[in-house]
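The values are calculated or read from the model by the stated rules, or taken from the named source; none is laboratory data. All figures in this text were calculated on a predicted structure; none of them were measured in a lab. No Cβ is skipped: glycine too gets one built from the backbone with ideal geometry, and neighbour counts run over all protein chains shown. Calculation scope for accessible area: heavy atoms of the full protein, side chains included, ligands and nucleic acids excluded. Shrake-Rupley method; radii C 1.70, N 1.55, O 1.52, S 1.80 Å.
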Amino acid sequence: MSENIRIVRTILNPKVFEDDVMSVRLAVYNRGHGLGLVEVYDKLPSAMKIVSGSNKATLKLGRGDRALIHYSVECPLRGFFNIGPMLVRSRDMFCLFSEERERDDITPITVYPRIDDARRFDVDTRYKKINPGSVMIRALGMGNDFHSIRDYVSTDPFNRINWKASAKKRKLMVNQYELEDVYDLMIFLDARYVTKIGTPIRNSLEYMIKAAASISSAAIKKTNRVGMVTYGKDITILPPGSSNTQMETLLATLTATYAGGKRTFKDALERATPFLTPKSPIIIMSPLQRDDTLEDAIQLLLSKKFHITLISPSIVDFERLITGIYSPKYLLVKMERQNRLAKIRGMSVKVVDWPPDRSVSDIISEVAY
């Protein structure tokens with residue numbers, strides 16, 4: 001009986017971002033004789049939540065009939081998933097016999113990390129490049145970001161005149177814009193096993209991945225080059241690039257990154273050094289715990305004139321978020337962490353401490369110059 005049942009699954013958007021809703025349609029065809037009942041169950045990953053419709057249905061199909069099943073699922077967790085297989089149970093017209101089969105019909109889907117708004121994100125650079133792209137270097141020029149208003153001079157182009165300010169001052173005033181420069185940005189992402197402390201959605205690794213995706217997107221939209229190094233169980237290096245393909249590769253790399261292993265920042269830096277642009281900005285994302293190589297490696301980068309920013313989620317706060325315990329041990333670990341952050345700040349590194357209650361966009365705004 002069930003061999004006469006044909007089911008076609010259609011997913012309109014098989015690639016989505018975290019918290020997006022994915023629509024699924026099942027078209028069920030009866031290519032044989034009339035059936036009593038047909039039960040259909042479309043298996044979903046445990047990380048997904050149905051927000052409308054149902055992935056289960058009981059249908060009555062006559063010969064040649066077709067039925068449509070619609071449902072939508074929310075995708076709160078990044079990763080590569082499969083929808084399916086399908087379970088189909090069919091009964092004859094008199095409900096005397098039934099047959100159940102699992103159809104090996106699987107549709108792969110991708111849930112990318114969420115990209116928060118970071119349009120105003122810029123970093124400092126001491127190394128000028130010729131290739132197109134932009135970063136604020138806090139000098140006046142012909143960029144696109146507003147800096148100030150001044151008196152008009154005969155060499156100013158008319159499209160720079162601020163007519164509202166001119167009417168108020170009763171003389172011509174022009175807008176000044178910040179000079180733009182370009183940069184290669186390399187992001188080091190700590191994916192060691194300690195970064196998974198927390199809930200599946202609220203842990204330091206998930207926070208860092210969202211920040212890395214948002215920062216990369218903002219930089220690449222200005223045609224700057226972004227590369228990434230992830231380290232934990234393995235070390236993965238993505239050389240800097242600025243195309244749309246580069247952004248897709250960055251998102252795929254972040255989607256496939258999971259906590260594990262004990263590879264240190266020093267290990268990652270030794271492997272990635274040939275891919276670093278001299279004197280370029282580097283963003284390090286690490287909770288610091290159980291990695292004693294970080295300070296020495298940062299000092300080495302500073303000696304070579306790299307501009308370093310450290311974004312550090314607080315693992316002790318994520319752990320307290322789960323346990324709810326506020327013990328003297330927590331206070332001691334917290335104090336040790338603050339001392340270490342202060343030491344790194346003293347090395348002329350921009351340090352952003354990231355407790356669980358701060359949003360990605362809030363952190364990015366603090367990183368920006």
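List the residue pairs whose Cβ atoms are under 7 Å apart, where the first residue sits in region 192-212 and is of a type in the set (Val, Ile, Thr), the second is open to solvent by 20 Å² or more (accessible area, probe 1.4 Å), and the two are 6 or more positions apart or on different chains.
Once the first residue is of a type in the set (Val, Ile, Thr) and sits in region 192-212, its partners that are open to solvent by 20 Å² or more (accessible area, probe 1.4 Å) give 194/289; 194/290; 195/259; 197/319; 199/322; 201/76; 201/77.
Any idea how many residues of region 343-359 are open to solvent by less than 10 Å² (accessible area, probe 1.4 Å) and touching an Asp or Glu at 6+ places or on another chain (Cβ under 8 Å)?
2
Given (1) surrounded by fewer than 19 Cβ atoms within 10 Å (Cβ to Cβ); (2) aliphatic (A, V, I, L, M); (3) in a helix (DSSP H, G or I), where does residue 220 come up short, assuming only one miss?
(1)
With respect to residue 237, determine if the residue is within 14 Å of the chain's Cα centre (by Cα) and either aliphatic (A, V, I, L, M) or not in a helix (DSSP H, G or I) (or both).
no
Condition check ((1) open to solvent by less than 70 Å² (accessible area, probe 1.4 Å); (2) farther than 14 Å from residue 7 by Cα; (3) free of Cβ contacts under 8 Å to residues at least 12 places away in the same chain) across all residues:
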{"position": "43", "(1), (2), (3)": "no, no, no"}
{"position": "50", "(1), (2), (3)": "yes, yes, no"}
{"position": "64", "(1), (2), (3)": "yes, no, no"}
{"position": "87", "(1), (2), (3)": "yes, no, no"}
{"position": "100", "(1), (2), (3)": "no, yes, no"}
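Residues in region 343-369 that are in a loop (DSSP other than H, G, I, E, B) and free of Cβ contacts under 8 Å to residues at least 60 places away in the same chain: how many? Give the derivation first.
Within region 343-369, the first condition is being in a loop (DSSP other than H, G, I, E, B), and the residues that meet it are 346-349, 355-359, 368-369.
Checking which are free of Cβ contacts under 8 Å to residues at least 60 places away in the same chain leaves us with 346-349, 355, 357-358.
So the count comes out to 7.
Just to be sure before I move on: is residue 345 among the charged types (D, E, K, R) and closer than 20 Å to residue 195 by Cβ in the structure I sent? Spell out the reasoning first.
Details: among the charged types (D, E, K, R): yes; closer than 20 Å to residue 195 by Cβ: no.
The answer is no for residue 345.
Given region 1-47, what strands (runs of 3 or more DSSP E) lie entirely inside it while holding 1 or more residues that are at pLDDT below 90? Please lay out each step first, then the result.
Values: elements: 5-11, 15-17, 20-30, 38-42.
Per the criteria, 5-11, 20-30, 38-42.
Sort out which residues of region 311-342 are buried (at least 17 other Cβ atoms within 10 Å of the Cβ) and not in a helix (DSSP H, G or I), and write them in order of number.
The answer is 311, 312, 313, 314.
Every residue in region 275-310 that is farther than 25 Å from residue 261 by Cβ and in a strand (DSSP E or B), please.
281, 307 - these are the residues of region 275-310 that are farther than 25 Å from residue 261 by Cβ and in a strand (DSSP E or B).
Being closer than 15 Å to residue 7 by Cα and not β-branched (Val, Ile, Thr): is that true of residue 78 here?
Values: closer than 15 Å to residue 7 by Cα: no; not β-branched (Val, Ile, Thr): yes.
Here the answer is no, as residue 78 does not meet what is asked.
Only one residue in 308, 201 is modelled with pLDDT of 95 or more and surrounded by fewer than 23 Cβ atoms within 10 Å (Cβ to Cβ). Which one?
On the way: 201 fails: modelled with pLDDT of 95 or more.
After applying the criteria, what remains is 308.
Only one residue in 287, 313, 274, 239 is more than 23 Å from residue 197 (Cα to Cα) and in contact (Cβ under 8 Å) with a residue 24 or more places away in the chain, so which one is that? I'd like the intermediate steps shown before the answer.
Values: 287 fails: more than 23 Å from residue 197 (Cα to Cα); 313 fails: more than 23 Å from residue 197 (Cα to Cα); 274 fails: in contact (Cβ under 8 Å) with a residue 24 or more places away in the chain.
Being more than 23 Å from residue 197 (Cα to Cα) and in contact (Cβ under 8 Å) with a residue 24 or more places away in the chain holds for just one of 287, 313, 274, 239, which is 239.
Hey, can you tell me all the residues within region 261-292 that are surrounded by 14 or more Cβ atoms within 10 Å (Cβ to Cβ) and of a type in the set (Ser, Thr, Tyr)?
Result: 264, 277, 280, 286.
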